[in-house]
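Below: one structure, written as structure tokens.
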Amino acid sequence: MLKYSIRRLLGMIPMLILISIVVFSLAKLMPGDSLSGEIDPLNTNPEYIAEMREKLGYNDPLPIQYFNWITGFIQGDFGKSTRFKIPVFDLIMEKVPNTLLLGVTALIITYIMAFIMGMYSGRRPYTLGDNAIAGFNYVMLAIPSFVAAVFAIYIFAFQLNWFPFAGSVDILTEQGSFEYYVSRMHHVLLPAIVLGAMSTASYTQFLRNDIIENSRKDFVRTARAKGTPMKKIYNVHILRNSIIPLVTFLGFDFAALIGGAIITETIFTYPGIGQLFLESVTSRDYPTLMALTMLLSFLTLFGNLLADILYGVVDPRIRLD
Amino acid sequence: MKKKSLLWLFALVLIVSAFLAACGGGSDDASESGSEGEGSSEGAADGEPQKGGTLVYGLDAPPEGLYSSAFYGIATDFEVIELFDEALINYNENLEPEPNVASWETEDNKVFNFTFEEGVKWHNGEELTVNDWVFALETIADPDYDGPRYTNVQTIEGAEAYRNGDADSISGIEVVSDYEINITFDEARVNNLTNLWAYPMPESVLGDVPVAEMSASEWVRSTPIGIGPFKVDKIVPGESVEFSKFDEYWNGDVNLDKIVLRVIDNSSVVGALQNNDIDMISLQPVSGPEVEPLENVEIVTYPGLTYYYVGFKLGKFDNESQTITEELPKYQSKELRQAMMYALNRQEWVDAFFFGYADVVNKPVPSSHWNAADDSELIQYEYDPEKSKQMLDEAGYVDTNDDGFREDPNGDEFVVKFSHYATGNPTFESRAQAIAQYFEAVGLRSEVEMVEVNLYYDMVEKDDASIETFFGGWGTGTDPDPSGLWKADQLWNYPRYNNPEADQLLDDALDIEIVGTDQEKRKELYVEWQKIVNEDLPMLYIAELEEIMALNNRVGGVEYDVSGQNSPAEWFVTE
């Protein structure tokens, strides 16, 4: 397994180099740069803009710009955000805790909901309940997250006053106090529910199909023949087998955890990676944009690897070497 | 069984659409339009100012976090800065400078003598002296400075030499005492004072930070200090800022105990106002009609400094030599441009797309500036399609091949190609189409092209051949001089308008030999200039925007004029 992991990790290097070239080219291909856009004549003048372009190296030939960027990047210097004027690394680290909290909460909500719904559906396939769950799942999958977010704010924040409508914490609470953490959970819950409840479909349906499939297998028949209670068959024998495909999802979720939810974070003014990503695109903040894209690409590759390894762990029949 | 599941699906769809209907309802019933208080307006709550309380200030876009007047880049950051810092010089409702912390004297508009108030404290307890101002000016003139404000310092004598490393200090700055300073400019200009950088920077905390690292330092990002009535207690990056009353504020009492600033998404603004979650926020015109019916919120408008226009590309500009090198023939006919102006129903357009929060204009100087020409002196270009058609006929633009559209005087096909920038805003395309339709109504075939906004301004600036007529907007500052956007040697003169006579007027208005310190005389020259560009129409002036603020009824003491809001020290809330 170690050999396999190392081989995979080495294989990621050419992949990442290719990705970096694509990311860089795409970023530079976008029209305009961080100094163009709607100019405010009060704050600036053409000389300043020309000077900054020179300073930031936008006038260098593209291969040189790429080389400068990638050498810094490999050494851990992600550059300085052209918009926020601080190192990109600090900027990302500032947002990661928020995004992780949101991502993990959302994932937990997804898992719990999917687990309950999937087990119910798998045990009673083609019943009214099963179809209702499938209908619910697909409707949720079909509703765009920005629509759901706006509705959730309108209903739960403005009408019912259950949740705050924006932000990640109430600024008036003392940092580190008990109220502070309660306030953070209170703020994260609504966006997490919107995110989590919307993406249950794949988990639920996978689990359901797997349970149905397993329930027709010989070992289930054997267990029934020897008189094992149905409850035990489903909750122990079948479930253990059916969790396997779900575990692989965990690897894919890895990138999504950090990547955040671009739209949801923006609508909830929840300062995380997703919101940062969107802003860096609109303001052509290349260093931030490229660092985030690279980070997400790496996490996706890493997540895939993790999924493969986990698969081997939970299912010894699959051999990695 | 199958039927039942279908029923379930149907029921679910119904439930979801019921939600949809419930949420849509709120925004539909607000079609009546009404513009309330014009100009400066009192806050919503009446009566005596009350002490204490917390006011929640909303922002509809996240700040970047550069909380220093010398370094900030976007207006949102400045909104935050205004709550905890003050300028040395203020501007009144005619945008004329007024003493705040500093008062000044000058005899020749070249050497200025400034006197500071004594006993003004920074939020860290240090006293403000002229050295803090010198520190700010030298920081901005430093070669490592990465903000955009050098233009406000470069007119000081010796600033250029300091920036090039030829001098250790700026020779035009002479510190007399802790409260007195002389500043000498490189030449006498009438707008030296309004152009000068008038914010001090706290040397006591930033003095040891290298200039290149200042914008990333904690004194700019997380613990900024100023001299204003409120001090920053805590910043949660990108979402909120907590301010509390500064007890040692130099200029009178402060009413509020706290201000909490919250960033909220545009989609939540109306709901947050309705629920009393925020007390005041600057509104987008599109939210106006939804906020107006709310009983707990009052809308206050005040004149803005932004105008929108449809420009014609009349030439090409060479940035190396800073000259207009080529004249483009298509829109050179003044009669054609005037006829196109008469074809526009600007009032209808403004009502439709700015919901009444904008006024039709006929000049490129905001009406509230002291040098704005009176309407009686300008051609008004009332919507008159018949006159437009007649003028086009006379100018030779007639339909020669009976296709329903006019050809140019040579008999060739004539198509008005109109470009507009595209962002995520869905109304931009329809407002561009509306303008094209006005042109088509008088027989000019029109095409609309929507271009992504970053690319758009790049193309406009570089005189790309595909830009012929274009939509644009400019904001003007407290300095009323339009030279930077209008003279033939300026990059941002996007229409490439080249009229030596008009340029001469702009030069004269700044020439101290000609106008001296006589503001009336300056105004005459600017009015003369406005008459020329009003007749020439290198761009079709559309409208100037109003700034819209929503105030909760419990807020009082807030006043606005064209220079912005009054000091937050005077704001109060009633419980």
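The values are calculated or read from the model by the stated rules, or taken from the named source; none is laboratory data. Everything numeric in this text was worked out from a predicted model, so none of it was measured. A quick note on method: Cβ atoms are made from the backbone with ideal geometry, for glycine too, and the neighbour counts reach across all protein chains shown.
(1) over 28 Å from residue A:167 (Cβ atoms); (2) among the hydroxyl-bearing types (Ser, Thr, Tyr); (3) within 14 Å of another protein chain (Cβ to nearest Cβ): which one isn't true of residue B:171, the others all being true?
So the condition that residue B:171 fails would be (3).
Counting only residues that are buried (at least 19 other Cβ atoms within 10 Å of the Cβ) and within 30 Å of residue B:563 (Cβ to Cβ), which one in the range B:432-469 is farthest from the chain's Cα centre (by Cα)?
So, considering only residues that are buried (at least 19 other Cβ atoms within 10 Å of the Cβ) and within 30 Å of residue B:563 (Cβ to Cβ), the one farthest from the chain's Cα centre (by Cα) is B:460.
Just to verify a result, which residue in the range A:26-46, among those that are surrounded by 12 or more Cβ atoms within 10 Å (Cβ to Cβ) and either modelled with pLDDT of 85 or more or assigned to a helix (DSSP H, G or I) (or both), is farthest from the chain's Cα centre (by Cα)?
The qualifying residue farthest from the chain's Cα centre (by Cα) is A:46.
Could you list, ordered by first residue, the pairs with Cβ atoms under 6 Å in which the first is in the range B:262-285 and within 11 Å of chain A (Cβ to nearest Cβ) and the second is among the aromatic types (Phe, Trp, Tyr) and part of a loop (DSSP other than H, G, I, E, B), at least 6 apart or interchain?
Filtered contacts from the range B:262-285: B:268/A:165.
Does the range A:158-173 contain any residue that is aromatic (Phe, Trp, Tyr), over 20 Å from residue A:271 (Cβ atoms), within 11 Å of chain B (Cβ to nearest Cβ) and surrounded by fewer than 22 Cβ atoms within 10 Å (Cβ to Cβ)?
yes
Can you name the condition, by its number, that residue A:145 falls short on among (1) under 19 Å from residue A:278 (Cα atoms); (2) of a type outside the set (Asp, Glu); (3) more than 14 Å from chain B (Cβ to nearest Cβ)?
(3)
Could you check the range A:125-202 for helices (runs of 4 or more DSSP H) lying wholly inside it with 1 or more residues that are farther than 21 Å from residue B:275 by Cβ and at pLDDT below 85?
In the range A:125-202, the matching helices (runs of 4 or more DSSP H) lie at A:145-152, A:178-198.
Let me confirm something: among A:288, A:300, A:264, which residue is within 28 Å of residue A:207 (Cα to Cα) and within 13 Å of chain B (Cβ to nearest Cβ)? Before you say what the answer is, go through the steps one by one.
On the way: A:288 fails: within 28 Å of residue A:207 (Cα to Cα); A:300 fails: within 13 Å of chain B (Cβ to nearest Cβ).
On inspection, the qualifying residue turns out to be A:264.
Could you tell me how many of the residues in the range B:523-575 are without any contact (Cβ under 8 Å) to a residue 40 or more places away in the chain, in the same structural domain as residue B:272 (by the TED database) and crowded, with 20+ Cβ neighbours inside 10 Å?
0
Quick check on the range B:116-137. Is at least one of its residues assigned to a loop (DSSP other than H, G, I, E, B), within 14 Å of chain A (Cβ to nearest Cβ) and crowded, with 16+ Cβ neighbours inside 10 Å?
No, there is no match, as no residue in the range B:116-137 is assigned to a loop (DSSP other than H, G, I, E, B), within 14 Å of chain A (Cβ to nearest Cβ) and crowded, with 16+ Cβ neighbours inside 10 Å.
If only one of B:252, B:207, B:238 is assigned by the TED database to the domain that holds residue B:141 and touching a residue at least 12 places away in the same chain (Cβ under 8 Å), which one is it?
B:207
Suppose we keep only residues that are small (Gly, Ala, Ser) and out of contact with any helix residue (DSSP H, G or I) (no Cβ under 8 Å at 6 or more places or on another chain) within the range B:235-250. Which one would you say is farthest from the other protein chains (Cβ to nearest Cβ)? Can you show your working first?
First, the residues of the range B:235-250 that are small (Gly, Ala, Ser): B:238, B:240, B:244.
Adding the requirement that they be out of contact with any helix residue (DSSP H, G or I) (no Cβ under 8 Å at 6 or more places or on another chain) leaves B:240, B:244.
Working: B:240: 4, B:244: 11 Å.
Among those residues, the one meeting the criterion is B:244.
Residue by residue, here is whether (1) outside any loop (DSSP other than H, G, I, E, B); (2) over 20 Å from the mean Cα position of the chain (by Cα); (3) of a type outside the set (S, T, N, Q) holds:
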site	(1), (2), (3)
B:87	no, no, yes
B:98	yes, yes, yes
B:104	yes, yes, yes
B:114	yes, yes, yes
B:139	yes, yes, no
B:160	yes, yes, yes
B:167	no, yes, yes
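Looking only at the range B:486-517, how many residues end up being part of a loop (DSSP other than H, G, I, E, B), within 14 Å of another protein chain (Cβ to nearest Cβ) and of a type outside the set (Asp, Glu)?
Within the range B:486-517, residues that are part of a loop (DSSP other than H, G, I, E, B), within 14 Å of another protein chain (Cβ to nearest Cβ) and of a type outside the set (Asp, Glu) number 6.
Kindly provide the set of residues from the range A:65-105 that are of a type in the set (Val, Ile, Thr), in contact with a Gly (Cβ under 8 Å, 6 or more places away or on another chain) and more than 14 Å from every other protein chain (Cβ to nearest Cβ), ordered by number.
A:105
Might you check whether a residue that is more than 24 Å from residue A:127 (Cα to Cα), in contact with a Lys or Arg (Cβ under 8 Å, 6 or more places away or on another chain), modelled with pLDDT of 85 or more and not in a helix (DSSP H, G or I) occurs anywhere in the range A:270-286?
Yes, because at least one residue in the range A:270-286 is more than 24 Å from residue A:127 (Cα to Cα), in contact with a Lys or Arg (Cβ under 8 Å, 6 or more places away or on another chain), modelled with pLDDT of 85 or more and not in a helix (DSSP H, G or I).
If you take the residues of the range A:257-277 that are closer than 15 Å to residue A:164 by Cα and among the aromatic types (Phe, Trp, Tyr), which of them is surrounded by the fewest Cβ atoms within 10 Å (Cβ to Cβ)?
A:270
What is the residue count in the range B:524-564 for residues that are more than 30 Å from residue B:332 (Cα to Cα) and not in a strand (DSSP E or B)? Show your work before the answer.
The initial filter retains those residues of the range B:524-564 that are more than 30 Å from residue B:332 (Cα to Cα), namely B:546-564.
Applying the additional criterion that residues be not in a strand (DSSP E or B) yields B:553-554, B:557-559, B:562-563.
Matching residues across the range B:524-564 total 7.
Is there a residue in the range B:83-94 that is at pLDDT below 90 and buried (at least 23 other Cβ atoms within 10 Å of the Cβ)?
no
Considering A:293, A:300, which residue is under 30 Å from residue A:213 (Cα atoms), among the β-branched types (Val, Ile, Thr) and modelled with pLDDT of 85 or more?
A:300
Give the number of residues within the range B:164-178 that are surrounded by 19 or more Cβ atoms within 10 Å (Cβ to Cβ) and not small (Gly, Ala, Ser).
Step one: of the range B:164-178, the residues surrounded by 19 or more Cβ atoms within 10 Å (Cβ to Cβ) are B:170, B:172-173.
Still in the running and not small (Gly, Ala, Ser): B:170, B:173.
Going through the range B:164-178 one residue at a time, the tally reaches 2.
Restricting attention to the range B:209-233, and to residues there that are within 11 Å of another protein chain (Cβ to nearest Cβ) and in a helix (DSSP H, G or I), which single residue is surrounded by the fewest Cβ atoms within 10 Å (Cβ to Cβ)?
In this case the residue turns out to be B:218.
Would a scan of the range A:125-141 turn up a residue that is surrounded by 15 or more Cβ atoms within 10 Å (Cβ to Cβ) and closer than 30 Å to residue B:241 by Cα?
no
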